[in-house]
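All of the numbers you see were taken from the coordinates with simple rules; none came from a lab. Just so it is clear, the model here is predicted, and its values are computed rather than measured. Positions of Cβ are backbone-derived with ideal geometry, glycine not excepted, and every protein chain shown enters the neighbour counts.
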């Protein structure tokens, strides 16, 4: 073997102070091989150091071991799940990621839903080049300030030094505005509403699969309007679409609201956000929608002639959701056993495990399992029949539970003779989630499975709502805020503090203002920091 | 335009032409003064398909072209999923070590690679490449993921952008520095399985061109010189553009053999417990497909889009007349669009009041909408609409009550006709030659040349050298799978040695 395959060591990924190309050889992990079929996934490996004392790097290398229980070490659990459930692998350059089919299918489900919604609301897809002349980025002052440390720059192409260095897009506002300036002439050209699905690059130092990677996939919408009211309406409409998507499809009860000044996008007037509470109670910003005002249109002279023949700068928005959302789904749902996917976005909604002991039983069981699979498939249910012979049913149960498949159907010889199946729910462990004697007759079974999938979907949401609400503390003083944050919770309290007050909270507690939620109580309030009267409550939390 | 720095790479001819064209357009309203036969490069850059950009060789795909790409994507993605190919995404960035692993491969791509050398203000210790293709990014993982025969076949596909920093004449869609594509990468236990898949995929590419884009293509085998760097053999679908007399490689399906498997150690344990190497394929089609379609069908009025890929299949235009019932006509237009949309036809009404019907006709003709429906006072009275085909200009009055059936039928006919016309045009360009003199003559007449060849690399290089001229050298396009009979004793047109096969030759994009 060319001794090293030159894949990065995981150490370099997690301690990425250097961009040096690592030389450690690729370790061929051997997932679950040689493991006794009886051993459960949830059991911690015996004889190894506890996860707390193990470095993340060691942990990641050991994907052939059991998944760390979520209750024990959330971060280790997350990394284990990504490896074991085959969601992603580490890319050849530190901080990058290979999204494997099981993870990518979740992204495809996100795309499928949102793409339709975008088109319904009048947006067209297009594609902008990935390279942006550096001079474009410099045009909007706060924008360049916000992004310049993270820019990846191409200076050599085709063996020659380039005359102007090119930025690998971190986001496309600048190039979009450059083009809008050429396309927009009169009020008749407005509104102009476009979207693109693309990869973007931000040279981040601290990375985590799906959550923060050097390169990620996203959609970015960009719109231009004749009036500030229209732009505001658009920005709100898009955050609303994201909110509904989060609740209805991914069962994540996000809190929608407005960002504080400090947390507003570089170059925006207002940033709206959806904030999700992860299983470790840290906040994840899962999607944003910006009202850009006229900041970019002034920098790029994007003007139109209004109905009175006067030149005006357009009013703009931009909004985005990325593969980070996949990380959000993983970290919202799931338990010690592994992943738990909401049925609506699960690549596999139902797994069928046939069970037989004697060869004489095999044909009957497999025939029944195949016809059940066909019936469900025809009904539009994403179903997988695991008929691999070299694995035991017990192994398969564990495996598909770890992969988070919402429903499992078991079919054994006795079920075949009684024309029935056993259905188990992923979200209710053990016997409680298991129902025997469901008729194999297609119309009965399909109806039952569909109903159960809906139940799983709504029960995941309910569980997440309960978890979220029990971990948000209403606070009225800075001490209460500190206490809430130090106990790992979110703090919600009246706020009218200054930027420096906010900065102080961040430095002293590690928490930031996640948003001023749209849902406000409306009562008169006193700012928890300044004691002045406050119009709104803000939510503080530690975040990813 | 180039930003404050004003620094800009040398703008190629086509770029300048495109910009000049645009200025002209502003002055004359529609400005379709460029005839397709006269100047193909200039003709190319209109119709809201693409927009030029400050970086030479990078183009913006506007909604009009992106919609075509999406329609093809939906078709192809569903087809390969039926073949059990799964989607994934591999990083854009390649570390030099991995990139350089396969020697022939890197020799083929190295001159075109773009390098990230800085992050923020800091120089990277090692520059990082932007993928020109993903073989070297993906195969280390194949080595990791494939262990036993049960892990095979492994079939993955990704939709992404790639970058090839070429300096030769950028042309929108056809040759750009960044483009969108799908790249499929598969690994099998046996060569037979790999061989079979190469052809299955090639057939899907043929269907994209012929059934969707209405572009006739030839399936065939690439020569040794023209095959994919590092692969075993390359098959392709080849199109031909009569106007310019150039062949264009439509899409390629490669059998990589075991070369990459050897370099990246993609081994597995077979059923007997022995270690064996996998057989691999890779296959791709790109946004170039759109360029080939545009060049094949466009005419002096502009684009002509095949109905199957047109984002607007039918445009409905009101033709109000003096004091006629304008509102009634507008309502009829809206109702017509609604009826068509309900039947799944992509229709749009152009109700703008600041343009005349005549202006709208030209505008939508330029944008290539396959079918136009006009509704005027008399149509309203007679409960009919007038249809005008973009492909042949044929006009027809059809009764409103059978609108949907008529339109469906017409769209089908347009699709068929566009393919037939393109096929006839291409066939009229094919010329069989036997000698060098016939060859050069046919080449000068911009023909698609079919010639008996000895299939030697040296000879192809020699032909290239001897035909080198302003318009580029001639090379093999492909050896068609459907071979005409080759009588015993036929000699190679170029070397005079015994010929082994018929091969298509020509200048190409």
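Worth pointing out:
- On a per residue basis, the convex hull of the C-alpha atoms belonging to chain B measures out at 182 Å³.
- Overall form of segment A:475-541 per C-alpha gyration tensor (a/c, 1.5; a/b vs b/c): prolate
- Helix A:228-248 and the longest principal axis of the Cα set of chain A meet at an angle near 10°.
- Tail weight of P(r) past 15 Å, computed on alpha-carbon pairs of segment A:373-442, percent: 58 percent
- For segment B:40-297: rounded, prolate or oblate by the Cα gyration tensor [a/c cutoff 1.5]: oblate
- Contour excess over end-to-end distance, with Cα ends at residue A:71 and residue A:359 and 0.36 nm allotted per residue: 99.5 nm
- The mean count of C-beta atoms from other chains within 10 Å of the C-beta of residues in A:95-104, rounded to a whole number, is 6.
- Segment B:239-310 versus segment A:404-419: alpha-carbon centroid distance in Å: 43 Å
- In degrees, nearest ten, helix B:63-82 long axis to first principal axis of chain B (Cα): 50 degrees
- A P(r) calculated from all alpha carbon pairs of the protein assembly as shown, with 10 Å bins opening at zero, reads 2, 9, 17, 22, 21, 16, 9, 3, 0, 0, 0 percent.
- Counting, for every residue in B:169-180, the Cβ atoms of other protein chains within 10 Å of its Cβ and taking the mean gives 1.
- If R0 is taken as 25 Å, the Cβ-Cβ distance between residue A:414 and residue A:389 corresponds to a FRET efficiency of 0.80.
- Gyration tensor verdict on segment A:93-333 (Cα atoms; rounded if a/c is under 1.5, prolate if a/b is larger than b/c, oblate otherwise): oblate
- Theoretical ellipticity at 222 nm over the protein assembly as shown - DSSP helices of four or more residues, -39500 (n - 2.57) apiece, nearest 500: -10500 deg cm²/dmol
- With each label modelled as a point 7 angstrom along the Cα→C-beta vector, the residue A:308-residue A:458 pair spans 5.4 nm.
- Working ranking of peptides A:512-519, A:144-151 by packing, defined as the average number of other Cβ atoms within 10 Å per residue, highest first, is A:512-519, A:144-151.
- Stokes-Einstein translational diffusion, segment A:141-193 - Kirkwood Rh over all Cα pairs, 0.890 mPa s, 25 °C, in µm²/s: 181 µm²/s
- Each residue, residue B:425 and residue A:298, gets one label point 7 Å from its Cα in the Cβ direction; the gap between the two is 5.1 nm.
- Put in order of Cβ neighbour count within 10 Å, fewest first, the listed residues B:193, A:508, B:125 become B:125, A:508, B:193.
- Shielding score for B:54-66, defined as the mean number of other chain Cβ atoms within 10 Å: 6
- Taken over segment A:377-499, the alpha-carbon convex hull comes to 183 cubic angstrom per residue.
- Restricting the calculation to Cα atoms, segment B:434-503 shows an Rg/Rh of 0.94 when the hydrodynamic-style radius is the Kirkwood one.
- Cα→Cβ-extended label distance, 7 Å offset, between residue A:467 and residue A:237, nm: 3.4 nm
- Projected onto its three principal axes, the C-alpha set of segment B:404-448 covers 55, 15, 7 Å, listed from the longest axis down.
- Cα-based helix-to-principal-axis angle, A:359-378 vs chain A, degrees rounded to 10: 30 degrees
- Pairwise FRET efficiency - residue B:436 versus residue A:526, Cβ, R0 = 60 Å, nearest 0.05: 0.05
- Paramagnetic reach from residue B:335 (point 7 Å along Cα→Cβ, amide N under 11 Å) across segment B:374-403: B:380-381, B:383-384, B:400-401
- Peptides B:194-204, A:230-240, ordered by how many other C-beta atoms sit within 10 Å of their residues on average, highest first, read A:230-240, B:194-204.
- Size descriptor, Kirkwood hydrodynamic radius, that averages inverse alpha-carbon separations across segment A:235-330, Å: 14.6 Å
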